[in-house]
Amino acid sequence: MSERVCILGGTGFVGSRLAARLSRTGHGVTVLSRDLEAHPSLRVLPGVEVRNCAVHDPAQLAAAMRGHSAIVNLVGILNERGFGGEGFRRAHVELTRAALEACRSVGARRYLQVSALGAAEDGPSHYLRSKGAAERLVRESCEDLGWSIFRPSVIFGPGDSFLNRFAALLAAVPFVFPLAMADARMQPVFVDDVVEALAAGVEGRAAAHRVYELGGPRVYRLGEIVEFVAAAVGLRRRVLPLPRWASRMQALAMDFVPGRPFSTDNFRSLTVDSVCHDDGFGRLGFAPRPMDGMAQLYLGACAAHRRLGDYRRRAGREL
């Protein structure tokens, strides 16, 4: 049976692919956005409407959700503008509270919250604490709302800001690549596997009032992942693990770099393993795909483009 689904954060990396997946299987999808004109690829999908909405405005949010049977909250940030945690609380906690209140007011039946492995109100970072606080709000919501929480490890896939970012950094840093928190453990999960888990929640194949931990089939250390990326894009680099004190100093320095490619809050999050303690995919009835197989497909294409650029530059010099 087709559902009408409202997605908060539907213009992002995971959300746009979820909207496409739900569109292919006949669901009606509303994606809430602050800028209607910025997402033309979503607007051409059958059954998908992109609607302007100030999601922190309770009246606008409730109006946008009205008529939808399922709500998916994908909103999340990895860094904030300041340093005190207010940005994380606004994006993760306050928006979750507003979304749950809107669900109750419009009578939505299903609510899916995308959290993160390691989320806990006593966690070491603003990111993990705010994600944990948001989970508590969901668990304490009314029993009539069929909520599910999905806790993925780090997500990879075409267009990601994880493996692709390391590929760009490796290309920019010759010979030796100094890596903060190289021993941090994580379980990278393919974006389309996360999307399929969320689709299971929308379509009633995931149990209500349950938490699903989502990780790939293998646990890696961050240093292993960076070495894999270097090999996949054809770069010979020595990955130099930084001790924890140097990792902390690097994060502190990066706090003041535009775009914050790494921050003190990121450093604190990495002190907690992003590893599953429960097989969420197994309970959903399918197995996740491995990083080394799936990522090679798009990272290898990046390597081919880079080699082509090298050939062109060499040809230009020869002329």
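Observations
- Working value for the stretch 21-106: equivalent-ellipsoid semi-axes of 24, 17, 11 Å, each the square root of 5 times a Cα gyration tensor eigenvalue, largest first.
- Diffusion coefficient of the chain by Stokes-Einstein, Kirkwood radius over Cα pairs, 25 °C, 0.890 mPa s: 119 µm²/s.
- Its relative contact order, with pairs defined as Cα atoms under 8 Å and 6+ residues apart, puts the chain at 16 percent.
- Exposure proxy shown here: for Tyr111, Tyr298, the number of other Cβ atoms within 10 Å sets the order, fewest to most, as Tyr298, Tyr111.
- Take the Cβ atoms of Leu169 and Val275, set R0 to 22 Å, and the FRET efficiency comes out at 0.40.
- Rough spin-label spacing in nm, given labels placed 7 Å along Cα→Cβ, for Asp57 and Glu140: 2.8 nm
- Against the rule of thumb 2.2 N^0.38 Å, how large the Cα Rg of the stretch 129-202 comes out: 1.54
- Across the stretch 15-88, C-alpha contacts under 8 Å between residues 6 or more apart give a mean separation that, scaled by the residue count, equals a relative contact order of 22 percent.
- Cα-Cα P(r), the stretch 166-279, percent of pairs per 5 Å interval: 2, 11, 16, 18, 18, 14, 9, 7, 4, 1, 0
- With contacts taken as Cα pairs under 8 Å and at least 6 residues apart, the stretch 37-178 reaches a relative contact order of 20 percent.
- Alpha-carbon centroid distance for the pair the stretch 218-243 / the stretch 253-276, whole angstrom: 18 Å
- Neighbour-count order for Leu18, Leu78, Leu32, Leu128, fewest beta carbons within 10 angstrom listed first: Leu78, Leu32, Leu128, Leu18
- Neighbour net charge for Leu117 - beta-carbon separation under 12 angstrom, K R +1, D E -1: -1
- For the stretch 78-129, the C-alpha radius of gyration divided by 2.2 N^0.38 Å, with N the number of residues, is 1.30.
- For the stretch 216-279, the set of trypsin sites (Lys or Arg not before Pro) satisfying both a DSSP loop assignment and a count of at most 10 other C-beta atoms within 10 Å is given as Arg236.
- Helix axis angle, 163-172 relative to the chain longest principal axis, alpha carbon, degrees: 30 degrees
- Computed [θ] at 222 nm, helices only, for the chain once each DSSP H run of length n ≥ 4 contributes -39500 (n - 2.57): -13000 deg cm²/dmol
FYI, it's all coordinate maths here, none of it is from the lab. Just so you know, these numbers come straight off a predicted model, no measurement behind them. Every residue, glycine among them, receives a Cβ derived from its backbone with ideal geometry; neighbour counts consider all protein chains shown.
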